[in-house]
1. Select from the range 135-177 the residues that are within 30 Å of residue 39 (Cα to Cα) and assigned to a loop (DSSP other than H, G, I, E, B) and list them in ascending order.
2. Which one of the conditions (1) open to solvent by 70 Å² or more (accessible area, probe 1.4 Å); (2) without any contact (Cβ under 8 Å) to a residue 12 or more places away in the chain does residue 100 fail to meet, given that it meets all the rest?
3. Identify all residues within the range 111-134 that are more than 14 Å from residue 151 (Cβ to Cβ) and part of a loop (DSSP other than H, G, I, E, B); write none if there are none.
4. Name the residues in the range 1-17 that are open to solvent by 30 Å² or more (accessible area, probe 1.4 Å) and either closer than 20 Å to residue 167 by Cβ or aliphatic (A, V, I, L, M) (or both), would you?
5. Quick check on my filter: what residues within the range 121-171 are touching a Ser or Thr at 6+ places or on another chain (Cβ under 8 Å), open to solvent by 70 Å² or more (accessible area, probe 1.4 Å) and closer than 30 Å to residue 85 by Cα?
6. Only residues in the range 39-65 that are open to solvent by less than 50 Å² (accessible area, probe 1.4 Å) count as the first member; pair them with residues that are not in a helix (DSSP H, G or I), Cβ under 8 angstrom, at least 6 apart or cross-chain, and list the lot.
7. Which of the residues belonging to the range 76-110 are in a loop (DSSP other than H, G, I, E, B) and basic (Lys, Arg)?
Amino acid sequence: KLLGHLCYTVTGVALIGTLTGHLFFCWIGDKLGRKKAYSVSLTLTIICAICSDLSLDASKETVVKTLCFFRFWLGLGIGGDYPISAVIMSKYSNKNTHGAFIVAVYAMQGVRIIFTRLVPMMLSGIFLHFYPTAPFKDDPIVSTQPKTDYLWRSLIMLGVLAYFMLWASIVLIILSI
C-alpha cells in the first residue's frame, strides 16, 4: 500500500501525463491525422496499463519508480483519448446525428466514472468476503493485506480489456472504410 507522499506522487505523475497528452495529441492529430493519433493514443494506453500492472519488485522504491514512469505514459495516452475522440465523433457524424454523437461521447465519460467507482467497490466486497480482516479503525496495520495487490492489478487489467475492445473496434471501423 502506498502511503502519503508516495500515493500523491503516483497520482500527480499520471495527471501531469494526462495534461501533456491533451496538448501533445491535439498537436499530433493536426499534423499526422486524427485517426493515426487516436490509434497511437489507444495503443500507448493499453501498453502502459499492462506495464503498470506488471511493475513488480521486492523493494517499494523500485515499484514506485516504475509505476511513476508507466503512469506518466499511461496518462499521456488517456490525455490523448479525451480530445481526439470528441473531434473524431464530430468530424465523421452526419448532420442528422451530429448532436447525438457528441452527447454520447460526453455521456460515456459519465458512465465511465460510474463504473470506475462501482466495479472496485464490488470487487472489494468480494475480496473482503474471501479474505476477512480487522477494520482499519481497529488496526491499520493488520487491515492492509498483502493480497490486495492482486485486487488493484485485476482492476487495471479490466480497464485494459475495455480499452482493447475499443481499440479493436476502431481498427475494424478503419479497415472497413
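1. Restricting attention to the range 135-177, the residues satisfying the condition of being within 30 Å of residue 39 (Cα to Cα) are 150-177.
Once the filter is applied, which keeps residues that are within 30 Å of residue 39 (Cα to Cα) and assigned to a loop (DSSP other than H, G, I, E, B), the range 135-177 yields only 177.
2. Against the list (1) open to solvent by 70 Å² or more (accessible area, probe 1.4 Å); (2) without any contact (Cβ under 8 Å) to a residue 12 or more places away in the chain, residue 100 comes up short only on (1).
3. So in the range 111-134, the residues more than 14 Å from residue 151 (Cβ to Cβ) come out as 111-118, 132, 134.
Answer for the range 111-134, where residues must be more than 14 Å from residue 151 (Cβ to Cβ) and part of a loop (DSSP other than H, G, I, E, B): 132, 134.
4. First, pick out the residues of the range 1-17 that are open to solvent by 30 Å² or more (accessible area, probe 1.4 Å): 1-9, 11, 13, 15-16.
Once the filter is applied, which keeps residues that are open to solvent by 30 Å² or more (accessible area, probe 1.4 Å) and either closer than 20 Å to residue 167 by Cβ or aliphatic (A, V, I, L, M) (or both), the range 1-17 yields 2, 3, 6, 13, 15, 16.
5. The answer is 167, and nothing else.
6. Cβ pairs passing all conditions: 63/55; 63/56; 63/57; 64/2.
7. The initial filter retains those residues of the range 76-110 that are in a loop (DSSP other than H, G, I, E, B), namely 93-97.
Residue satisfying the conditions is 95 alone.
The values are calculated or read from the model by the stated rules, or taken from the named source; none is laboratory data. Computed from a prediction, not measured in an experiment: that's the story for all the values here. Quick reminder, even Gly has a Cβ in these numbers, built from the backbone with ideal geometry, and neighbours come from all protein chains shown. Calculation scope for accessible area: heavy atoms of the full protein, side chains included, ligands and nucleic acids excluded. Shrake-Rupley method; radii C 1.70, N 1.55, O 1.52, S 1.80 Å.
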